[in-house]
Amino acid sequence: MDNLRPVLYLSMLLVLFLIWQAWNRDYGPQPVAAPGAQEQVMDRDGVPAPPQDVPDAPVSEAVDAPTEVALAEPDRRRIRVVTDVLDIEIDTRGGDLVRADLPTYPVSLRTPDQPIRLLDERFRQYVAQSGLIHDRVPGVSGEGRAPSHHAIFQAERDEYRLADGQDELRVPLTWTSEDGVQVTKTYTFRRGDFLINVDHAVRNNSDQPWVGRQYRQIRHGSTPSRESWFLYTFTGVAYHDGRYEKLSLEDMAGKPLDKDVQGGWISIIQHYFLTAWVPFEHEINQFYTRVLGTPARPEHIIGMRSEAQTAAPGEETVFTSRFWVGPKEQAALKAIQPGLELTVDYGMLSFLAKPLFWVLDWIHNVVGNWGWAIIILTILIKLVFYKLSETSYRSMAKMRAVQPKMMQLKDRYGDDKQRMNQALMELYKKEKINPLGGCLPILVQIPVFIALYWVLLESVEMRQAPWILWIQDLSVRDPYFILPILMGVTMIAQYKLNPAPMDPIQQKLMMALPFVFTVFFAFFPAGLVLYWFVNNLLSIAQQWYITRNIEKAGKKG
């Protein structure tokens, strides 16, 4: 135990390896479950059953009423809705949201006019669906009395735009049954808001009571290819039923969801962005998941079905809901529904990551630049751990000062490891050196490093955030690898300040670690490398100052 510094570096490597393993386990390519093919099914009376992607209509009292048959599509078309933050397409078939672009979030800085696309029916089978189902009740035929997402709605216009000075935009779609039940499905968009209100107003102009429910669901095809092994790109289901739960698309077939939940929400999340159906807190809904399609073209569905509402002849009832399609903005999500901000997933170290983000966000509000905010936060973290670091560096400095004596002991005892270790312990005791003092204080700081890593990697606020000069996006790697190289240089400087290991193998390992870390960090987000680089600079300054003072004291003595 002549030098425990390698233990620290090996521990860091182990932590980074565990992170990589977690990525590979949770977000790497996995075999796709083989769902059964979706096909038309007849019930025992020879009547076509509802499509498998429509929730079952609950049975009231024991009656087998005919179910809705999917309608033909003679008038199907797309309606475009444009606000300051959304560019949406609505399909008149079901009134589904089939495309959603975010103009304020470009795909990359090189293509500022190409917005991020969340909902995308054509390439990812990613759509937001909602509709109504009629309960099966005694004496009332529910056939054709409630429009599912297969029904064809009518719309007055093909395009709606939020005009200058206009704060709200309403897009109504209408559907009428043969017996006079009229349903108006209305989307309400607001300026600067990614939250959309969705209402189903049922006007019962028939001579029979209308009893039905609203369902809302999100459909997604297979998991997209990962952008990079060094980038957190989880795409899957998340929901809140009192607790935050997450489920990969590939696991949905083996872990079906079916439970009643008050409040809560359902969503599909990806890196930086999400779509979510958000009921109101007093509502009780049945949460469910389904996997349809074929192994080559799977369709994953998470949805919720409301409790029944009744409209007597001549009366009206309204179903309301909310749909978020946009970035993971923590403050906005938290204000909508408790727990929705948890989709910004910092992992098991959230208790550290959340305060770090709060401080980082506060600094950014003051300085107006995320890069400088990271640097200031690094300085603050260094100040918090100053005493712990001081203990570590003093121990290293003392080890460096007695290294000539340690080398004498090595020459004296040669390969006699037992006597060598005994002599080292006596030397440590005489010089008042704690061999663990150089390692443990820094190990305590590792959870903070990992928590900040998740903050920088998961927070959408860092996406495409510039710093200075060539660093125009802190969320991606340095395009010229300058920061990783500078970081590697600081690690070499740290190595020179530390006592050299007595074992030649350890010496080679210590010399190799800066190069290994440089290559590893070359693919990490620039914001994280910036943090590590600044932290190393501060550590070098502190260590050099302490080492110099101890060496001066030793010369005077």
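The values are calculated or read from the model by the stated rules, or taken from the named source; none is laboratory data. Being a predicted model, the structure only gives us computed values, none of them experimental. Every residue, glycine among them, receives a Cβ derived from its backbone with ideal geometry; neighbour counts consider all protein chains shown. With ligands, DNA and RNA removed, areas are computed over all heavy atoms of the protein, side chains included. Shrake-Rupley method; radii C 1.70, N 1.55, O 1.52, S 1.80 Å.
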In segment 347-363, is there at least one residue being of a type in the set (Ser, Thr, Tyr) and at pLDDT below 90? yes
Among Gln166, Gln182, which is part of a loop (DSSP other than H, G, I, E, B) and modelled with pLDDT of 90 or more? Gln166
Residue identified as basic (Lys, Arg), surrounded by fewer than 17 Cβ atoms within 10 Å (Cβ to Cβ) and within 33 Å of the chain's Cα centre (by Cα) among Arg80, Arg124: Arg80
If I filter segment 512-527 for residues that are out of contact with any helix residue (DSSP H, G or I) (no Cβ under 9 Å at 6 or more places or on another chain) and either under 18 Å from Ile446 (Cα atoms) or modelled with pLDDT of 65 or more (or both), do I get at least one hit? yes
Which residues, counting only those in segment 295-310, are open to solvent by 50 Å² or more (accessible area, probe 1.4 Å) and of a type in the set (Ser, Thr, Tyr)? Thr310
Unique residue being charged (D, E, K, R), open to solvent by less than 50 Å² (accessible area, probe 1.4 Å) and under 40 Å from the mean Cα position of the chain (by Cα) when the list is Arg170, Arg145, Arg157, Arg161: Arg145
Would you check if there is a residue in segment 291-304 being in contact with a Pro (Cβ under 8 Å, 6 or more places away or on another chain) and at pLDDT 90 or above? yes
Scope segment 173-197; condition loosely packed, with under 13 Cβ neighbours inside 10 Å and over 24 Å from Gly326 (Cβ atoms); matching residues: Glu178
Would you mind finding the one in Glu283, Glu250, Glu307, Glu329 that is of a type in the set (D, E, K, R), touching a helix residue (DSSP H, G or I) at 6+ places or on another chain (Cβ under 7 Å) and either in contact (Cβ under 8 Å) with a residue 12 or more places away in the chain or closer than 30 Å to Phe523 by Cα (or both)? Glu329
Quick check on my filter: what residues within segment 311-353 are among the hydroxyl-bearing types (Ser, Thr, Tyr) and open to solvent by less than 10 Å² (accessible area, probe 1.4 Å)? Ser321, Thr343, Tyr346
Any chance segment 328-339 includes a residue that's under 30 Å from Asp258 (Cβ atoms) and either β-branched (Val, Ile, Thr) or assigned to a strand (DSSP E or B) (or both)? yes
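Yes/no matrix, rows are residues, columns are (1) aromatic (Phe, Trp, Tyr); (2) touching a strand residue (DSSP E or B) at 6+ places or on another chain (Cβ under 7 Å); (3) part of a loop (DSSP other than H, G, I, E, B); (4) modelled with pLDDT of 80 or more:
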site: Met425; (1), (2), (3), (4): no, no, no, no
site: Leu443; (1), (2), (3), (4): no, no, no, no
site: Val455; (1), (2), (3), (4): no, no, no, yes
site: Ile468; (1), (2), (3), (4): no, no, yes, yes
site: Lys496; (1), (2), (3), (4): no, no, no, no
site: Met502; (1), (2), (3), (4): no, no, yes, no
Output the residues belonging to segment 127-145 that are modelled with pLDDT of 90 or more and either farther than 18 Å from Thr184 by Cα or part of a loop (DSSP other than H, G, I, E, B) (or both). Val127
Can you pull out every residue in segment 273-291 that is in a strand (DSSP E or B) and open to solvent by 10 Å² or more (accessible area, probe 1.4 Å)? Ile284, Gln286, Tyr288, Thr289, Arg290, Val291
Tally of residues being over 30 Å from Trp175 (Cα atoms), in a strand (DSSP E or B) and more than 22 Å from the chain's Cα centre (by Cα) across segment 86-113: 3
Looking at segment 198-272, what strands (runs of 3 or more DSSP E) fall wholly within it and have at least 2 residues that are modelled with pLDDT of 90 or more, crowded, with 17+ Cβ neighbours inside 10 Å and of a type in the set (D, E, K, R)? 210-220
So which residues in segment 291-318 are farther than 30 Å from Val107 by Cβ and touching an Asp or Glu at 6+ places or on another chain (Cβ under 7 Å), if there are any at all? Ser306, Ala308, Pro313, Val318
